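Engineer: Handing you a structure now.
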Amino acid sequence: DETPEFKTTVTWNSEHDVDLHVLRSDAMGNYPMFGDLMDDLFYDNLHGMWWQAGTFDDGVHLGDDTDGFGPEIAVIGKIEPGRKYLVIAQFARVRVQNDFRFDVTVEAELQPLTPTGPVATATLTHEFFINQRGTRYLAFEIDGTSRTITPVDMTN
């Protein structure tokens, strides 16, 4: 089956530039630096060669939307047990001066281990203000072992 086990989508109601990042932890649960070119899936690293080389399990970012509204989408072919994944939306660039605040919606979808199991889904919306350029919204953490989506719902 070639359906990715995990998919996340970011959309927003503004022309501002928002960037989707998916960070993959090491085996100890520690996340890499934001912008890491191995374990941060984002516009500068569209294809994460994760888990087993040359197989469908990789992480893929489907492209950067710089002119507003989204979507930006990332998928992971197979979630890796013993790893965690952090889904982040970053307010990257101001594009219209009269848009003082806007909403960013982050959706996560995790396929079940068994064909008859339920698909796990979660959605969060966060309001950004124009003076928060560079701020990161940490939306979800996905646990590759328990196969759960946990809301983080905080900025940094």
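The values are calculated or read from the model by the stated rules, or taken from the named source; none is laboratory data. What you see is a predicted model; the values in this text were computed from it and never measured. Note that we place each Cβ from the backbone using ideal geometry, even for glycine, and neighbour counts take in every protein chain shown. Only protein heavy atoms, including side chains, enter the accessible area calculation; ligands, DNA and RNA are left aside. Shrake-Rupley method; radii C 1.70, N 1.55, O 1.52, S 1.80 Å.
Engineer: With a 1.4 Å probe and every protein chain kept in, tell me what percent of the accessible surface of segment 1-106 is carbon plus sulfur.
Structural biologist: 52
Engineer: Give me the distance in nm between label points sitting 7 Å out from Cα along the Cα-to-Cβ direction at Thr125 and Ala27, one decimal.
Structural biologist: Computed distance between label sites Thr125 and Ala27 equals 4.3 nm.
Engineer: Just the accessible area per residue of the chain, please: how many Å² with a 1.4 Å probe?
Structural biologist: On a per-residue basis, 51 Å².
Engineer: Could you check the simple spin-label distance between Leu113 and Val96, using points 7 Å along Cα→Cβ, in nm with one decimal?
Structural biologist: 4.6
Engineer: Also: Assuming R0 = 41 Å, can you tell me the calculated FRET efficiency for the pair Thr155 and Thr55, based on Cβ-Cβ distance, to the nearest 0.05?
Structural biologist: For R0 = 41 Å, the calculated efficiency reads 0.70.
Engineer: Putting +1 on Lys and Arg Cβ atoms and -1 on Asp and Glu Cβ atoms, find which of Ile73, Val10, Ile88 reaches farthest to the positive end of the dipole of the chain.
Structural biologist: Of Ile73, Val10, Ile88, it is Ile88.
Engineer: Now a separate question. Specify the residue with the greatest mean-square fluctuation among Phe34, Phe42, Phe129, computed from a Gaussian network of the chain linking alpha-carbon atoms under 10 Å apart.
Structural biologist: Phe129
Engineer: Same structure again: R0 = 35 Å: FRET efficiency of Gln132 with Met38, Cβ-based, nearest 0.05?
Structural biologist: 0.80
Engineer: In square nanometres and to one decimal, what's the mean projected area of the convex hull around the Cα atoms of the chain?
Structural biologist: The orientation-averaged projected area of the Cα hull of the chain comes to 8.6 nm².
Engineer: Name the residue, out of Tyr85, Tyr137, Tyr31, whose mean-square fluctuation peaks in a Gaussian network model built on the chain with Cα pairs under 10 Å.
Structural biologist: Maximum among the listed residues: Tyr31.
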